[in-house]
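Here the structure comes first, spelled out in structure tokens, and everything after it is commentary.
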Amino acid sequence: MSILSDNFVNLSDFYEKQILDLIKLSEKFKQGYQVYLKEPVYVANLFFENSTRTHTSFYMAESRLGLKIVDINTSTSSVKKGESLSDTVKTLQALGTSIEVIRHKTTGWYSSIIKDSNVKTSIVNAGDGAGQHPSQSLLDLMTIYEEFGTFKGLNVGIIGDLSHSRVAKSDAQILHKLGANLYFSGPREWYDSEFDLYGKYDSFDNIIDKLDITMLLRVQLERLNEDSVNQFKANEYHERFGLNTNRMNRMKPSSIIMHPAPVNRGVEIDSSLVECSQSRIFKQMENGVFARMAILANILKNKKLLFEEITYE
Amino acid sequence: MSILSDNFVNLSDFYEKQILDLIKLSEKFKQGYQVYLKEPVYVANLFFENSTRTHTSFYMAESRLGLKIVDINTSTSSVKKGESLSDTVKTLQALGTSIEVIRHKTTGWYSSIIKDSNVKTSIVNAGDGAGQHPSQSLLDLMTIYEEFGTFKGLNVGIIGDLSHSRVAKSDAQILHKLGANLYFSGPREWYDSEFDLYGKYDSFDNIIDKLDITMLLRVQLERLNEDSVNQFKANEYHERFGLNTNRMNRMKPSSIIMHPAPVNRGVEIDSSLVECSQSRIFKQMENGVFARMAILANILKNKKLLFEEITYE
Amino acid sequence: MSILSDNFVNLSDFYEKQILDLIKLSEKFKQGYQVYLKEPVYVANLFFENSTRTHTSFYMAESRLGLKIVDINTSTSSVKKGESLSDTVKTLQALGTSIEVIRHKTTGWYSSIIKDSNVKTSIVNAGDGAGQHPSQSLLDLMTIYEEFGTFKGLNVGIIGDLSHSRVAKSDAQILHKLGANLYFSGPREWYDSEFDLYGKYDSFDNIIDKLDITMLLRVQLERLNEDSVNQFKANEYHERFGLNTNRMNRMKPSSIIMHPAPVNRGVEIDSSLVECSQSRIFKQMENGVFARMAILANILKNKKLLFEEITYE
């Protein structure tokens, strides 16, 4: 079995078997697996939205694969001169890069680019507006799989600002496809009925004791408008939707806590629980590097730039 | 024959033979030629003006030559603390860099620096204000030479915002020296009588059918003041000075289209023509990496930092 | 003898012998000494305050040691999303970095981080607010030691904006500990009585002829408030507290001039003296790379990441 696409833009494009293969490949990299490039290969990182974690995680993955990295400083780039993203991609291709890792605020920014027959370079989606964040989803899946060895029948609660979260959308869609039972919680006004397709909305207190995975979402204060920020009461949010020690005590001993980070300590989760024994928050970050190695290695394999065949077991 | 200068700041400093040598060396790098460094060599990139293309192109060239790259983020640099460019250069030299690639808004910023006897590091001009952009000129020359094998007797039209374009100035000067016939077109108010030295101003429609090279210049909206921007009518510009399909049909079949990019699609050129078979716009970008490898390799040779002698054929 | 700490945050933590060992190791690196890493090691640079010199100097030191460098662009980092510095450090650790080089405006920002038992990565202080700048102090010490072979009995004058200078504080403390005689000069309102612990305040003209080292401090105009900047008279400062040719002529022939840079030419020092034969200003920058190699190599040794034992002679 192999994953044939030269791009990685949307996890929904993949069959279940392909997703499991990517997870297994991520684990292999975590165990020290190495691949070797036939020639120098350049990858460009273009992050048009703030990101330490995702950007650095891709950077580490690229470096560990031996790729040559071109980090574009978007605040001084020609995009300021009105160049389209598509022309920027073709420029980088002309300069000699083979893979472009891009985060951009336009939902689905990649659609027209991957259809352009002059684009030969590979496109990796590191986040598209209100759309997907597929590499984050892959690392979330990897973290869950590491713990439980399966997705079927797992009770997953996703709690918080669902409507603004591209992580929530990607994760809900895929976890549902992979057989998990989904529960959603958080403020009503931050819920979006499209999630009804994948699971059930309920109060945090009603679902906490049956969850295998408590996935907390970041309150993205920077996305709220000024009025909402002023009205937002961190204490009240923490009381109603946050993971505090009371709720923690009701969790199953085998259950785990996840959060895409950065965490607002004392809002989504009590500060003392961020690094508790059931938390996988920093492990998610650790796994992210290996998940991204798998994403990139799979593309390199398809482009015939690796010496060896990759096996996924 | 060798090119002796340790700096690369102005193509007018070079004899015709030296320019042809640099073009041939660029082509050799394009064919896969490699050079080897005797020791680790550090190069610093200091771009005080926005640039994706030129900055990344130098970065790729440096990386392909095996140089160690120090990219200075000018938005957080000490230049903000009032340090002169000359002291910044001597600082980088003290830190261990051997070549400084600099773009700065001051025309001729390099003059005092290359005369300073305490400066031992090599200076490469990646653009000086309203002055030159010599590495862009070299890649333009390389692209023309690849196509026609000569410059003598070629009809070259440079169309657009001539007065604001350092590319136009460098290119006109050198192409004239190398024996091309030059024609200029574009809005009268954007024409500058210094171009009379090198060729003839005429309307685009009068010259289009005799041109071998149609070199379009970018309308640099970011350089216009607010009044001019408001008055600027993209459609009208495109109608009078842009390359549309009508004019395209009048071009000689052997002729080529060039543009320093980024392109304003639908302004200087109809969007459908940007990647047409006669366009060399993305090829220019591709060639830019090899032209810059030649510029840097020539400096490395002069500094005796390469194992091998470079030959230019 | 070995230096056991995995962090480098404050030179006052070190015994005299340890400081001398670090100076000697810096000199060894300057003479071409090399160390070899057992495995790929990643270091992150996080500079939350403007810096060309220190940032680039660490970058060069890291590169020369063969470290893999992750440069975090703090202007686009998640710190803007309200993440604490401590969580950023633990994030980078999770992503796979082993050493974090940090400059931050909070005095003593490192205290809580190095006490956090979840932090396994090493912390290097590249400047903490009004606190210390220990790597700058080490390079200052190295430059003095190179010249005089000892610190005991040397007359050191530190002249200028003492109250805003973390360099002055670190240097005064350590030079006093190492047996130098300290004199301070500069505007009364920029003097701080804590310096009375280490030496004596006097006028520049009273001390100039007995000094072995004249250490000028940068007037940090960017730290002054608007009123002070408007009142600040560069000529007057230069006349009273600057090193001009008159004062230069009164200096001992064996004495040297130091300045942490960037220099305000014509303010702290006459422009013609910046590169005179007694000036060590650019030599300080050169030494900085080797001092930082010593700092980092010592940490790498303690983490057992080097093949060889380091000897300090």
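The values are calculated or read from the model by the stated rules, or taken from the named source; none is laboratory data. This is a predicted model, so every value here is computed, not measured. For neighbour counting, all protein chains shown are included, and Cβ atoms are generated from backbone atoms with ideal geometry for every residue, glycine included.
Filter segment C:159-204 down to the residues that are aliphatic (A, V, I, L, M) and over 25 Å from C:Asp21 (Cα atoms), then identify the one that is farthest from the chain's Cα centre (by Cα). Let's see the steps before the verdict.
Looking only at segment C:159-204, we keep the residues that are aliphatic (A, V, I, L, M), and these are C:159, C:162, C:167-168, C:172, C:174-175, C:178, C:180, C:182, C:197.
Imposing the further condition that a residue be over 25 Å from C:Asp21 (Cα atoms) reduces the set to C:159, C:162, C:197.
Numbers: C:Ile159: 16, C:Leu162: 15, C:Leu197: 20 Å.
Among residues in segment C:159-204 that are aliphatic (A, V, I, L, M) and over 25 Å from C:Asp21 (Cα atoms), the one farthest from the chain's Cα centre (by Cα) is C:Leu197.
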Positions within segment A:241-260 being of a type in the set (Ser, Thr, Tyr) and more than 16 Å from A:Glu275 (Cβ to Cβ), in sequence order: A:Ser254, A:Ser255
Here the residues within segment C:263-309 that are part of a loop (DSSP other than H, G, I, E, B) and out of contact with any strand residue (DSSP E or B) (no Cβ under 9 Å at 6 or more places or on another chain) are C:Asn264, C:Gly266, C:Val267, C:Glu275, C:Ser277, C:Lys304, C:Glu308, C:Glu309
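Name every residue in segment C:106-127 that is touching a Gly at 6+ places or on another chain (Cβ under 6 Å) and not hydroxyl-bearing (Ser, Thr, Tyr), in order of residue number.
Of segment C:106-127, the ones touching a Gly at 6+ places or on another chain (Cβ under 6 Å) are C:106-108.
Once the filter is applied, which keeps residues that are touching a Gly at 6+ places or on another chain (Cβ under 6 Å) and not hydroxyl-bearing (Ser, Thr, Tyr), segment C:106-127 yields only C:Gly108.
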Can you find a residue that is small (Gly, Ala, Ser), modelled with pLDDT under 95, under 20 Å from the mean Cα position of the chain (by Cα) and within 23 Å of A:Lys105 (Cβ to Cβ) anywhere in segment A:227-246? no
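In segment C:93-143, which residues are of a type in the set (Phe, Trp, Tyr) and within 20 Å of C:Asn298 (Cα to Cα)? Let's see the steps before the verdict.
Start the filter on segment C:93-143 by keeping residues that are of a type in the set (Phe, Trp, Tyr), which leaves C:109-110.
The one that is of a type in the set (Phe, Trp, Tyr) and within 20 Å of C:Asn298 (Cα to Cα): C:Tyr110.
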Looking only at segment B:244-281, which residues are aliphatic (A, V, I, L, M) and in contact (Cβ under 8 Å) with a residue 60 or more places away in the chain? B:Ile256, B:Met258, B:Ala261
Out of segment A:237-280, which residues are buried (at least 16 other Cβ atoms within 10 Å of the Cβ), among the basic types (Lys, Arg) and away from every other protein chain (no Cβ under 14 Å)? A:Arg247
Take C:Arg223 and tell me if it is modelled with pLDDT under 95, crowded, with 20+ Cβ neighbours inside 10 Å and within 25 Å of the chain's Cα centre (by Cα). no
Which listed residue is crowded, with 23+ Cβ neighbours inside 10 Å and assigned by TED's automatic domain parsing to the domain that holds C:Ala297, from C:Ser63, C:Ser51, C:Ser57: C:Ser57
So which strands (runs of 3 or more DSSP E) are wholly in segment C:137-214 and hold at least 2 residues that are farther than 22 Å from C:Thr107 by Cβ and in contact with a helix residue (DSSP H, G or I) (Cβ under 6 Å, 6 or more places away or on another chain)? C:155-159, C:181-185
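Scanning for something within 14 Å of chain A (Cβ to nearest Cβ) and surrounded by 23 or more Cβ atoms within 10 Å (Cβ to Cβ), does segment C:101-108 turn up at least one residue? Please lay out each step first, then the result.
Keep residues of segment C:101-108 that are within 14 Å of chain A (Cβ to nearest Cβ), which gives C:102.
Of the ones still in play, those that are also surrounded by 23 or more Cβ atoms within 10 Å (Cβ to Cβ) are C:102.
Checking segment C:101-108: at least one residue is within 14 Å of chain A (Cβ to nearest Cβ) and surrounded by 23 or more Cβ atoms within 10 Å (Cβ to Cβ).
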Being within 13 Å of chain A (Cβ to nearest Cβ) and either within 21 Å of B:Ile72 (Cα to Cα) or not aliphatic (A, V, I, L, M) (or both) is the requirement here; does C:Asp71 meet it? yes
Which ones in segment C:117-140 are modelled with pLDDT under 95 and charged (D, E, K, R)? C:Asp128
Applying the selection to segment B:281-305, what residues are away from every other protein chain (no Cβ under 14 Å), surrounded by fewer than 19 Cβ atoms within 10 Å (Cβ to Cβ) and either in contact with a helix residue (DSSP H, G or I) (Cβ under 8 Å, 6 or more places away or on another chain) or among the hydroxyl-bearing types (Ser, Thr, Tyr) (or both)? none
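Return yes when A:Ser135 is away from chain B (no Cβ under 14 Å), crowded, with 18+ Cβ neighbours inside 10 Å and not aliphatic (A, V, I, L, M) and no when it is not.
Numbers: away from chain B (no Cβ under 14 Å): yes; crowded, with 18+ Cβ neighbours inside 10 Å: yes; not aliphatic (A, V, I, L, M): yes.
Considered against the rule, which asks whether it is away from chain B (no Cβ under 14 Å), crowded, with 18+ Cβ neighbours inside 10 Å and not aliphatic (A, V, I, L, M), A:Ser135 comes out as yes.
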Would you check which residues across segment C:30-66 are more than 12 Å from chain B (Cβ to nearest Cβ) and either over 20 Å from C:Asp128 (Cα atoms) or under 15 Å from the mean Cα position of the chain (by Cα) (or both) and list them? C:Gln31, C:Tyr33, C:Val35, C:Tyr36, C:Leu37, C:Lys38, C:Glu39, C:Pro40, C:Val41, C:Tyr42
